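A short worksheet on the structure shown next.
The values are calculated or read from the model by the stated rules, or taken from the named source; none is laboratory data. Since we're looking at a predicted model, the values are computed, not measured. Every residue, glycine as well, gets a Cβ built from its backbone with ideal geometry; the counts of neighbours run over all protein chains shown. Please note that ligands, DNA and RNA were not included when accessible areas were found on the heavy atoms of the full protein model with its side chains. Shrake-Rupley method; radii C 1.70, N 1.55, O 1.52, S 1.80 Å.
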Amino acid sequence: MGTDSASPATYGSSPALLLDPSSSSAGASSDAVSSVTVHPLVLLSVLDHHNRRAEGAGRVIGTLLGRRDGPTVEITNCFAVPHAERGDEVAIGKDFNRQMLALHSRADRREVVVGWYGTALPNEGGSGHASIADTSSLIHEFYAGECDEDPIHLVVDTGLDDDAVNLRAYVSSPVVVAGEALANLFHEVRLSLRSSEAERICVDEMIKQQQAGGPEAAASAAASAAGAAGGGRSASLT
């Protein structure tokens with residue numbers, strides 16, 4: 001489902017369906033993920049990846065690290081993964097993902113792969129952003145092979161609607177007809193932000209720098225915060 005740097009390849013994806021949040025709890029098993037918590041370091045890293053994306057890139061993706069305790073997933077860290085999307089095909093940097101995971105494991109073995117993040121895709125009409133695309137199915141299937149349990153998909157909407165960065169978390173289940181999986185059904189789960197004392201100090205400093213020195217100072221403070229920090233159904237950072 002991915003690509004090796006030595007032998008790139010692309011694969012077609014299955015359709016991705018988005019379940020109405022009001023019915024997302026129906027039929028859920030007792031061990032299914034019901035809530036996700038995200039640390040500020042993760043959001044800062046995703047936004048930095050988005051700002052550094054290649055010109056013309058529709059979205060960026062990466063690997064989520066953290067811990068799972070029963071139905072609760074805590075996302076504490078992440079790293080960017082190169083990928084390319086063309087129509088209904090996607091290529092993923094599988095070797096790069098493996099190498100980065102090995103480096104992170106040496107730093108903290110308690111953090112394991114719990115899923116993947118992606119920024120929201122602009123709608124074709126130019127209005128708003130879409131959380132889930134058909135290519136999301138293939139990427140999710142790749143991460144299903146990287147996780148010990150069902151992966152989480154974290155969507156970060158960088159469109160700044162209402163001057164906020166909106167976050168949503170999804171889990172997926174296959175739609176099976178006559179014994180064949182035809183699509184993936186994504187349904188939203190409860191999400192909240194959680195910060196440690198060190199993260200709170202770093203974020204407060206970033207806000208102070210932004211107020212005092214404008215965007216360039218804020219960007220510098222954000223980089224420092226990411227290095228130092230080393231609910232409802234959705235959350236936002238304003």
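Would you check which residues across segment 162-193 are more than 19 Å from residue 132 (Cα to Cα) and touching a Gly at 6+ places or on another chain (Cβ under 6 Å) and list them?
Hit for segment 162-193 is 192, nothing else.
Hey, any hits in segment 26-48 for a residue that's modelled with pLDDT of 80 or more and more than 17 Å from the chain's Cα centre (by Cα)?
yes
Being in contact with a strand residue (DSSP E or B) (Cβ under 6 Å, 6 or more places away or on another chain), buried (at least 18 other Cβ atoms within 10 Å of the Cβ) and within 24 Å of residue 31 (Cα to Cα) narrows it down to one residue among 65, 121; which is it?
Of 65, 121, the one residue that is in contact with a strand residue (DSSP E or B) (Cβ under 6 Å, 6 or more places away or on another chain), buried (at least 18 other Cβ atoms within 10 Å of the Cβ) and within 24 Å of residue 31 (Cα to Cα) is 65.
Of the residues 218, 225, which is open to solvent by less than 70 Å² (accessible area, probe 1.4 Å), closer than 30 Å to residue 105 by Cβ and either in contact with a Pro (Cβ under 7 Å, 6 or more places away or on another chain) or at pLDDT below 70 (or both)? Step through it out loud before you land on a result.
Details: 218 fails: closer than 30 Å to residue 105 by Cβ.
Step by step, each of 218, 225 is checked, and only 225 is open to solvent by less than 70 Å² (accessible area, probe 1.4 Å), closer than 30 Å to residue 105 by Cβ and either in contact with a Pro (Cβ under 7 Å, 6 or more places away or on another chain) or at pLDDT below 70 (or both).
Against the definition (open to solvent by 70 Å² or more (accessible area, probe 1.4 Å) and more than 24 Å from residue 87 (Cα to Cα)), how does residue 180 come out, yes or no?
Here the answer is no, as residue 180 does not meet what is asked.
Name, by its number, the condition in (1) within 28 Å of residue 164 (Cα to Cα); (2) in contact with a His (Cβ under 6 Å, 6 or more places away or on another chain) that does not hold for residue 66.
It fails just one condition, (2).
Which of (1) hydrophobic (A, V, I, L, M, F, W, C); (2) crowded, with 19+ Cβ neighbours inside 10 Å; (3) under 15 Å from residue 154 (Cβ atoms) does residue 92 not meet, given it meets every other one?
Of everything listed in (1) hydrophobic (A, V, I, L, M, F, W, C); (2) crowded, with 19+ Cβ neighbours inside 10 Å; (3) under 15 Å from residue 154 (Cβ atoms), residue 92 misses just condition (3).
Looking at segment 183-204, which of its residues are open to solvent by 20 Å² or more (accessible area, probe 1.4 Å), out of contact with any strand residue (DSSP E or B) (no Cβ under 7 Å at 6 or more places or on another chain) and within 25 Å of residue 157 (Cα to Cα)? Before the answer, list the steps.
Residues of segment 183-204 open to solvent by 20 Å² or more (accessible area, probe 1.4 Å): 185, 187, 190, 192-198, 200-204.
The next check asks that each one be out of contact with any strand residue (DSSP E or B) (no Cβ under 7 Å at 6 or more places or on another chain); those that pass are 195-198, 200-204.
Scanning segment 183-204 gives 195, 196, 200, 201, 202, 203, 204.
Table: residues versus (1) modelled with pLDDT under 85; (2) charged (D, E, K, R); (3) more than 30 Å from residue 176 (Cα to Cα).
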residue	(1), (2), (3)
80	no, no, yes
107	no, no, yes
110	no, yes, yes
120	yes, no, no
133	yes, no, no
148	no, yes, no
